[in-house]
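Asker: A single structure is presented below for examination.
The values are calculated or read from the model by the stated rules, or taken from the named source; none is laboratory data. In this text the structure is predicted, and so the values were computed from the model without any measurement. As a convention, Cβ positions derive from the backbone with ideal geometry for all residues, glycine included, and neighbour counts pool all protein chains shown.
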Amino acid sequence: MKVFINKRIPETGITMLEKAGLELIFPEKENLSYEEWINYCKNTDTILNVGGDFKYDRHFFDTCPNVKAIALYSVGFDHVDILEATQRNIPVGNTPDVLSRATSDVAFLLMQSVARRASYNFQKVKDDHWESFDPLHALGQELYGKTLGIFGLGRIGYEMAEKSKKAFGMNIMYHNRRPNEEAEKELGAKYVSFEELVKNSDVLSIHANFTPEQKELFNASIFEQMKPNAIFINTARGGFHNQKHLYQALVDRKIWGAGLDVTNPEPMPADDPILALSTVCILPHIGSATVEARNGMARLAAGNIIAFSNNEKMPYCANPDVYSHHSS
């Protein structure tokens, strides 16, 4: 069975696939064009996909009918038409849990960085603008006893909530598709409506899986409803927020600050005016960028491919209905 791997992954995953006797196909260069990518996909049985450069949509599946399975090197799968894949009996694997700690670490880092204007002050040091002591210049805010609102309380959101509770004694509330009993029992988390989450969070952190229906859910009307001291954190997907609206909300002091590991668009232009604001910290989508998390992702993605090659169910499948669909 041929496996096309579009970008480099840690050696641990490659070793697993080679030991399983699979034929691995790597591109001759990084950053393929769409046409080059399609040509590779046409000549393979399975794909281990890294990144979200291209969409797995109806056009892709029509163009590459030989593709029988896709293993994503990510937990998110918003670049895949899951319904289309399921209808065509194509399982789509992902890599949940192994990056929960690393990604929540970044959300926690962003929250503190924004609260204390860390990026702004670091830039002052680099620019040799370390002025004499001014008791009122560029003050931050403390997080102790504040309310953290989590939008999407899965594993990553839980890790973020737990850190915030233990470190700063923050009160936790959340909005989810369904109540999270573990979070309510262990962290005293309160399940609230979306409207209440928006209006009462001192820090609002997004940890949900992105769907097209949620495109730019966080826009001018939502920022208008937030507290003027609120910090907006997004480490999920840039599509959740309208970045121009976010910038304007910050300039108009509708909210206090923003920490982003994902942007809209992504990558974002280097001249985006939001970068000049002192209560903003933006990172280039590094949520899972640790040795431990990336190795774990490689093992899970390889494991999904190997299971498929052995006619077994993928251990981590984003569309498990494909198996019942296939057997019916």
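Asker: Considering each of 304, 319, 311 in turn, give the residue that is at positive phi, of a type outside the set (D, E, K, R) and either assigned by TED's automatic domain parsing to the domain that holds residue 51 or surrounded by 15 or more Cβ atoms within 10 Å (Cβ to Cβ) (or both).
Answerer: Only one candidate passes the filter, namely 311.
Asker: Name the strands (runs of 3 or more DSSP E) wholly inside the stretch 110-215 in which the number of residues that are without any contact (Cβ under 8 Å) to a residue 40 or more places away in the chain is 2 or more.
Answerer: In the stretch 110-215, 171-175 are the strands (runs of 3 or more DSSP E) which contain 2 or more residues that are without any contact (Cβ under 8 Å) to a residue 40 or more places away in the chain.
Asker: Would you check if residue 85 is within 18 Å of the chain's Cα centre (by Cα), more than 15 Å from residue 38 (Cβ to Cβ) and either modelled with pLDDT of 95 or more or not in a loop (DSSP other than H, G, I, E, B) (or both)?
Answerer: no
Asker: Hey, another quick one. For the structure I just gave you, tell me whether residue 13 is loosely packed, with under 14 Cβ neighbours inside 10 Å, within 25 Å of the chain's Cα centre (by Cα) and touching a residue at least 24 places away in the same chain (Cβ under 8 Å).
Answerer: no
Asker: Could I ask something else about it? Could you count how many residues in the stretch 273-285 are in contact with a helix residue (DSSP H, G or I) (Cβ under 7 Å, 6 or more places away or on another chain) and either basic (Lys, Arg) or surrounded by 15 or more Cβ atoms within 10 Å (Cβ to Cβ) (or both)?
Answerer: Summing the residues that are in contact with a helix residue (DSSP H, G or I) (Cβ under 7 Å, 6 or more places away or on another chain) and either basic (Lys, Arg) or surrounded by 15 or more Cβ atoms within 10 Å (Cβ to Cβ) (or both) in the stretch 273-285 gives 8.
Asker: Sticking with this one: Anything in the stretch 216-257 that is assigned to a loop (DSSP other than H, G, I, E, B), of a type in the set (Gly, Ala, Ser) and either over 19 Å from the mean Cα position of the chain (by Cα) or at pLDDT below 95 (or both)? List them, or say none.
Answerer: Selection gives 230 alone.
Asker: Among the candidates 230, 208, 270, single out the residue that is surrounded by fewer than 24 Cβ atoms within 10 Å (Cβ to Cβ), over 30 Å from residue 92 (Cα atoms) and small (Gly, Ala, Ser).
Answerer: 270 is the lone residue from the list that is surrounded by fewer than 24 Cβ atoms within 10 Å (Cβ to Cβ), over 30 Å from residue 92 (Cα atoms) and small (Gly, Ala, Ser).
Asker: Looking at the stretch 22-35, is at least one residue of a type outside the set (Asp, Glu), over 25 Å from residue 266 (Cβ atoms) and assigned to a helix (DSSP H, G or I)?
Answerer: Within the stretch 22-35, not a single residue is of a type outside the set (Asp, Glu), over 25 Å from residue 266 (Cβ atoms) and assigned to a helix (DSSP H, G or I).
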